[in-house]
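The values are calculated or read from the model by the stated rules, or taken from the named source; none is laboratory data. A quick note: this is a predicted structure, and the numbers were derived from the prediction, not measured. Heads up, the Cβs are rebuilt from the backbone with ideal geometry, glycines too, and the neighbour counts pull from every protein chain shown.
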């Protein structure tokens, strides 16, 4: 883990260097002075809306397991995103499953399964948006190849989820056969975890709900495009809406790279790269990246800290929670 953290920090330093190389600080300051505060305020409001939509969608995914009130969902989502941004190697993804399990009767493994569904829905939506973009403009070959690879990986994940959900009995037989080859002490623990994990996929067995979730996913990313476009307007950039879509796609790919906490470096480099396709000079693009990154992270920190006193989280807590859950299940058995 220490090696991954060090590697992430080194990569961030390299990307920060590439982002600032050749930039005159006076050009950047001049661009920052042009920002229109009214558009920034609208941007902040849209980002809050996007967070609310994310928490609402998660509640729909969790509903087959247990109905959770919207305030709790928003609070847990806010704290979860804070930890995702703050902890390297995406380990912060464990925060939301743990916190929602702590507030409900939902098993932590099942809750983590719902996070997998979320990521699959986002992947499908982003792929659909990428196909739409390819119809209207030529993208670099590396982006097209990456999209194709991402498409096939998503199909594999979706096929795996579908098999586990719709053919659960058969899937469990295969999994149990594989587990039988392991020592009994490990097989027993893994069997329980896998069964709870599969429960988190239960929502996709309802076709009507699945389509509703796809609609919500599309809405979330359309709102994200709106936020980027409004922020571009605040800088006075006269760019088409498609620029916001391309920037969003490249940024999603960029922040997927494990770097230092807070997406420092990869966020800025991705913004500069995306805006370069539309003729935005590097100093202006860097100014935009700095403001976009600062506002986005500031909102995540604000919401996370606001709800953190009611949703405390540590990795030792997860181990304790899993151990206590296992003990309770053994007593029931």
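Can you list the helices (runs of 4 or more DSSP H) found entirely within segment 233-333 that contain at least 3 residues being modelled with pLDDT under 90 and on the phi < 0 side of the Ramachandran plot?
Answer list for segment 233-333: 241-255, 315-332.
Mind listing whichever residues of segment 189-215 are at pLDDT 70 or above, surrounded by fewer than 18 Cβ atoms within 10 Å (Cβ to Cβ) and assigned to a helix (DSSP H, G or I)?
Those that are at pLDDT 70 or above, surrounded by fewer than 18 Cβ atoms within 10 Å (Cβ to Cβ) and assigned to a helix (DSSP H, G or I): 205, 207, 208, 209, 210, 211, 212, 214, 215.
Yes or no: segment 7-28 includes at least one residue that is at pLDDT 85 or above and more than 25 Å from residue 269 (Cβ to Cβ).
no
Give me the helices (runs of 4 or more DSSP H) completely within segment 1-104, filtered to those with at least 3 residues that are touching a residue at least 40 places away in the same chain (Cβ under 8 Å) and surrounded by 17 or more Cβ atoms within 10 Å (Cβ to Cβ), ordered by residue number.
Passing ranges, in order: 2-20, 37-62, 70-86, 95-103.
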